[in-house]
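A short reminder: the numbers here are calculations on the coordinates, not readings from a lab. The structure presented is a predicted model; accordingly, all values stated were derived computationally and were not measured. All Cβ positions, even for glycine, are placed from backbone atoms using ideal geometry, and neighbour counts span all protein chains on display.
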Amino acid sequence: MMNIMLFCLHIFNCLLCCLISISGHYELVSIPNERSAVSVELSFQSGTDALGAAPEDSSALERAVSARAMILEKPSRSGGCLHAYEPLDTLFSSTPDGYEPFYISHFGRHGSRYAGSKEDFSVIDELMKYSSRNHADSQKSSVDHASNSISAAESRKVTLSETGEQLLSDLIALREYSEGRYGQLTEKGAWEHRNISRRMCSHYPQVFSNPERKRVIAVSTTSGRTIASKENFLSQLALNAPDLEVSSYTARDTLEYPAAVLATSGYPMSKEVRSKERYPDTSESTARLMKGFDSRRLRSLLFVSNCNDSILATNGRDTALCHGTLLSKASLADSIDDSIFIRIQFSGRHYECIGDTLVPNFEKYFTAEELYYLWTVETLIWYAHSCACEGADHTRMHYYGAGILRTIIDEADSAIAGNSVAANLRFSHDTYLYPLLALMGVEGADYQGPAIGALDRVIDFTNVCTAGNVQLIFYKKQTTQVNQPDVLVKILKNEQEVLIPSLAPSTGCYYDWQDLKAYFIQRITMF
């Protein structure tokens, strides 16, 4: 069966190559998908968001794919910023005649990591209150969650079902697996960066084989997971391009590099500035989203009534007798707040970052539809805090995104001037990558408007998944032909070619660097 699938895939690729060669615009660069022999296929369609609202425009391939369709296809994408990197087969544009790649500017998030802290599993304490197991087990957590506490009376009325007890056991196992490694890079995260590095060398050998450009400068934050991501990237680079001269170091954050940027801009973002950040109130939108979330299946799957169900009220409604009190079954169900399912999903999604078969898969407890609705809530908050949300003060875009983008511009100009650097590599966090993508106006992160409209336009698992990255590939003109840009640039987001919808490229997906730089500077001053 597998041979038949591979044969069919080979035929499909051959036909695709024929079609592409006829058009003359693209060449197929096959990147093996290390997870599967079959590449991920997405059905391109115009989708609707969780409120049933259709996208307001049809640009950028109808915004490509609705988030709902993507999560239904692969439920692990509901993990959002903790969704593991997807190394898809890549369709690359043909290099314009007379140009050759010579420099790469890379900004990447750290790879898959363990849970950030024990607090990521706070839902365990909540579930323990419904559990029939020895209450002493709950003392394993030292976190106080008095605001989420449930009265003893309520906890007796509703208890965990057998499936609910299994879910609790799985969460405890995941927490114990993470003990002593909170926030650290997993082996899966190391693998992600080694393979991004390998593919970079494979696609752009001219960049790393130019005798006039032997230097590579790599900088990371002081976080252990970003340092480990950088070192894994560089270890693979050393195997593929052993003659490079690599400078590797850390800074409090990547905005400290170079210092000249700090002197003129006031970076990095101070705690005082952070305390003054203003975001739009998303509570109303979140409440609307949760109204569309049907939790009845999860309630009946994970919880049971610890009462006598045999009593019927005179009005015909089912009731239960709990400790001498007559209660409707509806009131029992209402004692479980829907927000607990958000916290269960948040804790459980850390399993994908580990990639160990000993760690339980938490998707089995949810349907894909349920995961989609739970995903929308976090996406709404992400967009409001990090991107060009209507009503926000864009503090993060300015302090996080602008400093990095200014550095990218300055370093690129130095490389163009001939400073012998082949690549500048930066390793940071999602809190920097998201504002950077939004500030750049990159396709898939360029939406500006109310937070609720971002659900199918600014998707976290396609922008800031683990090891998420943006790369600018610079091409220098090799001929004396006039009326052609000296330097062209194409932008890759997670190694896939993307456009800037509000800026016309010079040709195909390639931008004149002077045009792109002017656009970036204008964006920096806009927010």
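For Lys74, no residue has an amide H sitting under 5 Å from its own, ignoring neighbours fewer than 5 places away on the same chain, with H placed 1.01 Å from N.
Model label sites at Glu212 and Ser235, defined 7 Å from Cα along the beta-carbon direction, differ in position by 3.5 nm. Of Lys74/Lys364; Lys188/Lys230; Lys230/Lys490; Lys118/Lys364, which pairs sit farther than 19 Å apart, going by alpha carbon to alpha carbon? Pairs exceeding the cut-off: Lys230/Lys490; Lys118/Lys364.
With the simple model of a label 7 Å out from the Cα in the direction of the Cβ, Glu284 to Arg297 spans 3.2 nm.
For segment 420-491, what class follows from the C-alpha gyration tensor (a ≥ b ≥ c being the square roots of its eigenvalues): rounded when a/c is under 1.5, otherwise prolate if a/b is larger than b/c, else oblate?
Working: a/c = 3.70, a/b = 1.79, b/c = 2.06.
Oblate, because a/c is 1.5 or more while a/b does not exceed b/c.
If R₀ is 35 angstrom, what is the calculated FRET efficiency for the pair Ser169 and Glu73, using the beta carbon separation as r and rounding to 0.05?
Efficiency, from the Cβ-Cβ distance: 0.75.
In terms of the mean number of neighbouring beta-carbon atoms within 10 Å, the peptides 197-205, 79-87 order highest first as 79-87, 197-205.
Multiplying the residue separation of Gln481 and Ser502 by 0.36 nm and subtracting their alpha-carbon distance yields 4.8 nm.
Annotation for Glu187 and Glu369: the two label points, set 7 Å from Cα along the Cα-Cβ direction, are 3.9 nm apart.
For segment 387-444, the equivalent ellipsoid built from the Cα gyration tensor has semi-axes of 26, 11, 10 Å, listed from largest to smallest.
Ranked by the mean number of other Cβ atoms within 10 Å of their residues, highest first, the peptides 377-383, 508-514 come out as 377-383, 508-514. Assuming R0 = 25 Å, can you tell me the calculated FRET efficiency for the pair Thr222 and Ser414, based on Cβ-Cβ distance, to the nearest 0.05? Between Thr222 and Ser414 the formula returns 0.50. Applying the Kirkwood pairwise sum to the alpha-carbon positions of segment 380-527 produces a hydrodynamic radius of 15.9 angstrom.
Were the residues from Glu179 through Lys118 laid out at 0.36 nm apart, the gain over their Cα-Cα distance would be 21.2 nm. The Asp337 and Ser94 beta-carbon pair, evaluated with R₀ = 51 Å, returns a calculated FRET efficiency of approximately 0.40. Amide hydrogen proximity for Glu100: with H placed 1.01 Å from N in the peptide plane, the residues at 5 or more positions away or on another chain lying under 5 Å are Lys476, Gln478.
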